[in-house]
């Protein structure tokens, strides 16, 4: 079990990382700080196995923090700025996550951390502890993160400047892009069928020609996505 510390001055990033950590059986969320100086004080009192570290922060940036840390804990960088990647890896970070990142990308990073800290223990022991799906996702709505139950999602429509998630109870509008949602949704439950649409497979009523019928909505199947969509259908198990 890896004890995790999050250091990020963005509240939304803290919320998302805490949620991601909670989904992984071999991670244990221990503390979070928006102020890196306060995190250093905590590190002098406690031992953390893995630190999720932002780069652009007031008072002390992530690179300076790692120089002071001097490899006392493993570090995964989480930032919106890709230009620090080389400098980050010079400090032997486990991985470099470029915001926004999906849960799947996050999991690959923490799997590296687990393997680095437990070279003689197989991660398959923990993989068996995962539920078949997480049951929900978080999306950004204005200045907050909103939980959306996967069972409630009927389809998702991408428009010019925002994305609409249509659920059993209504519509949720987020400024996230379609690719972000496509990456975090479980592949066995959701599929992109058009540049503007992602559908829930279990909400399909029928398919006629190049159209999918979902409740009171007809979704077109784009030529670019058709082959993959029909391939996914053939792989579905009853």
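Things worth noting here:
- Check on residue 111, in a helix (DSSP H, G or I) and either in the same structural domain as residue 147 (by TED's automatic domain parsing) or under 30 Å from residue 143 (Cα atoms) (or both): no
- Of the residues in segment 174-185, none is more than 21 Å from the chain's Cα centre (by Cα), free of Cβ contacts under 8 Å to residues at least 40 places away in the same chain, more than 20 Å from residue 19 (Cα to Cα) and not in a loop (DSSP other than H, G, I, E, B).
- Boolean, residue 230 is crowded, with 16+ Cβ neighbours inside 10 Å, at pLDDT below 95, outside the structural domain of residue 107 (by TED's automatic domain parsing) and over 21 Å from the mean Cα position of the chain (by Cα): no
- Checking each residue in segment 197-229 for being in a strand (DSSP E or B) and touching a helix residue (DSSP H, G or I) at 6+ places or on another chain (Cβ under 7 Å) picks out 198, 214.
- Per the conditions (1) modelled with pLDDT under 85; (2) surrounded by 15 or more Cβ atoms within 10 Å (Cβ to Cβ); (3) under 18 Å from the mean Cα position of the chain (by Cα), the sole criterion not satisfied by residue 104 is (2).
The values are calculated or read from the model by the stated rules, or taken from the named source; none is laboratory data. In this text, all values refer to a predicted model and were calculated from it rather than measured experimentally. Positions of Cβ are backbone-derived with ideal geometry, glycine not excepted, and every protein chain shown enters the neighbour counts.
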